[in-house]
Amino acid sequence: PIGYHCWVNPEMVSVFVVGEPNTLNLIDLKNDNAEEVAKSPGVTLSMIPNSDNNISFIDLSDDHNWLFKKMNVQTKETADIVKAIKKFPYFTWTPGGILISGDGKRIYKFDPDRDADWVELVNLGDYGIKDFTRITVSPKGDLLAVVVTE
C-alpha cells in the first residue's frame, strides 16, 4: 500500500507506506529488499539537493511538534532540520537547497545554512488563494507551482 515515493537513485526508492502507523521504507530494487526506516512520516518525501544520499520527510510522531528531518539513506542516521509550519505536510526544495513550505495561505522558505527559522516569502491570500496543498519548484528553480483547493 504505497502512497507516495521518491527515487533515491536508479536502484533505490523511498516510499510512504499506508498503515497503522504509516511508515517510511527504503526499497533496494537490486537486492529485492524493503526496510522500514521510520514510523509516522508525512506524505512528502524528497531528496535534499546538493547533499550526499540525504532524503527529507516530516516526522509526525509528536502530534504537537512536527519536525522536518533528513536521513542518510546509506547509514539510516537522521537529524532534525526545522520545525514544520502549522501541521502543513507538503514541501519542496529548490535546486540550491532551500526548503519551501507553507501553511495553506502563505509560502515560507528555510535555508538550512543561513536561516534560524522560517521566512515568509508571499501571502497568497493577497491574490485570492485561500487554501493550497501540494507545492513544487521547477528543476531550474525559476518557477513555483501550487495545487489550490476551492
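The values are calculated or read from the model by the stated rules, or taken from the named source; none is laboratory data. Nothing here was measured: the structure is a model prediction, and the numbers come from that model. Cβ placement follows ideal geometry from the backbone for every residue including glycine, while neighbour counts extend to all protein chains displayed. Ligands, DNA and RNA are excluded from the accessible area calculation, which covers all protein heavy atoms including side chains. Shrake-Rupley method; radii C 1.70, N 1.55, O 1.52, S 1.80 Å.
For the reader, a short list of remarks on this structure follows.
- Relative to its residue count, the chain spans a Cα convex hull of 122 Å³ per residue.
- Structural descriptor for the chain: relative contact order 12 percent, calculated from alpha carbon pairs under 8 angstrom and at least 6 residues apart.
- Non-local Lys pairs in region 46-150, i.e. 8 or more apart or on different chains, that have alpha carbons under 13 Å apart: 6
- Annotation: per residue accessible area for region 17-130 equals 54 Å², rounded to a whole number [probe 1.4 Å, protein chains only].
- Loop trypsin sites (Lys or Arg not before Pro), region 37-92 (other Cβ atoms within 10 Å of the site Cβ: 15 or fewer; DSSP): 76, 86, 87
- Rounded to the nearest 20 debye, dipole of region 1-134 from Cβ charges on Lys, Arg, Asp, Glu: 380 debye
- Between 46, 138, 56, the Gaussian network model of the chain with springs among Cα atoms under 10 angstrom shows the greatest mean-square fluctuation at 138.
- Of all accessible heavy-atom area on region 62-150, the percent that carbon and sulfur account for (1.4 Å): 48 percent
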